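Below is one structure, written out as structure tokens; the observations come after it.
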Amino acid sequence: MNCERDEELLTRGLRALAEEMETLKAPDELETKLLEAFRARAVVVPIARKQLHSRYWLVAIAAMLLIAMSIVVVRWRASDVNGPHQTVAQDARQNKPDVISKPSEDPVRDVEYQAVNAPGKRPVRKPPRHAALRSPENTQLANHVTNEIATDFIPLSYMNVASLQDGGQIIRVELPRSALANFGLPVNMDRYNEKVKADVLLGVDGLARAIRFVQ
Amino acid sequence: MDPNPNDIELLRSMLAGDEGALALLYRRRQGSIYRFALQMSGSKTIAEDVTQEVFLFLMREGYVFDPARGSVSAFLLGVARNHVLRRLRVEQLLAPLGDDSDDDVQSLHPSTDLCPLEDLTRAETIESVRKAVLSLPSKYREVVVLCELQDISYGETAEILGCAIGTVRSRLHRARALLLAKLRPPVEAEDAATVKSARCFA
């Protein structure tokens, strides 16, 4: 009985407390302060949001550029791996008609010529990694116009692949025939004193990077 | 614009930079937040600070409000609760209360009657109940404040506290028992001690 009465009195007491506090509210100056803070924030936030959005755009653009660059690099590497074979094949295509049509007037020269151009015996040297950087137009034009037969470019021992990235220049020179031996090519001893034509690939620094022999 | 927008619309407008929406939302909800903080802490200073913190939080991070999880009112009271509890922890560290608060509440009942609430005037009743509520552990105090003083439903209280409705009910039951125990005069205890002594002597 007492418990029920206590419960009821407690409820009444709590209700009285709630009624008394119902009119309480935060001081008015708090609203003023909050509104001032809101105004101050309103000046800053849109700028921050704008920066945030522009940052997202920058990140997105950077990501797209990165993806595009990675695709280019992957393709470039793939073409680089296939490049030497294509170069050899192109050279073979270019050389093949000449080889067939070449009249064998001089047997010794033929031997030397075949030693240089024979597919089986020909010392196909691995072209430099960036051989694709050389100007194919120039090479094809020279071979096509003059009807010359040329070996592949043989890299010189001090060749730095990275130095070819800036481009280069091909210069036609004449060398003693004995120079063929320096590159592992057979030499016709009967014509030992004669000159042989060669194209020297010069880097931008003026140093010879590679050489090919022309007939 | 809706002449009587609901809290969610006001919050959205406020986040979009509408100062009027903030003012309206503040006027609509500041009372309950202030009272909740005051009833939880017993300090006007803390109540004002908490009210301010709640609305500053709403300005800064109001976008975290999820209508699927409850009303704006419950959201604000939940934020207020976190601020009050944090502030009370700090206050407790600075000035530990110990059992003094309990003593203060009991000392307010000079009457020797078994049902002192009957004889107390309304003002005395209110003051004693207020002190008794303040002396409760926070987990019981908050359910009393929300369910009894703020007259919030059990369901919404559960949302504010982040617990089950059953937990709210059981805590409220326990809190009322504690309040009754605190509001009973210490005479009972003295009588009991006397009886025990008599038994000893017997």
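The values are calculated or read from the model by the stated rules, or taken from the named source; none is laboratory data. If you're wondering where the values come from, they're calculated on a predicted model, not measured in any experiment. Please note that ligands, DNA and RNA were not included when accessible areas were found on the heavy atoms of the full protein model with its side chains. Shrake-Rupley method; radii C 1.70, N 1.55, O 1.52, S 1.80 Å.
Listed values, structure above:
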read-out: Built amide H within the under 5 Å cut-off of A:L185, gap 5+; value: none
read-out: Area accessible to solvent at B:R171, 1.4 Å probe radius, in Å²; value: 60
read-out: In Å², nearest 10: area of B:D49 left accessible to a 1.4 Å probe; value: 60
read-out: Given B:K44/B:K131; A:K25/B:K182; A:K33/B:K139; B:K44/B:K182, the pairs whose alpha carbons are separated by over 20 Å; value: A:K25/B:K182; A:K33/B:K139; B:K44/B:K182
read-out: Chain pair A, B: total accessible area buried, heavy atoms, 1.4 Å probe, Å²; value: 3300
read-out: Descending Cα extents along the principal axes, the range B:1-74, whole Å; value: 39, 25, 21
read-out: Along principal axes, Cα extents of the range B:1-44, largest first, whole Å; value: 39, 18, 13
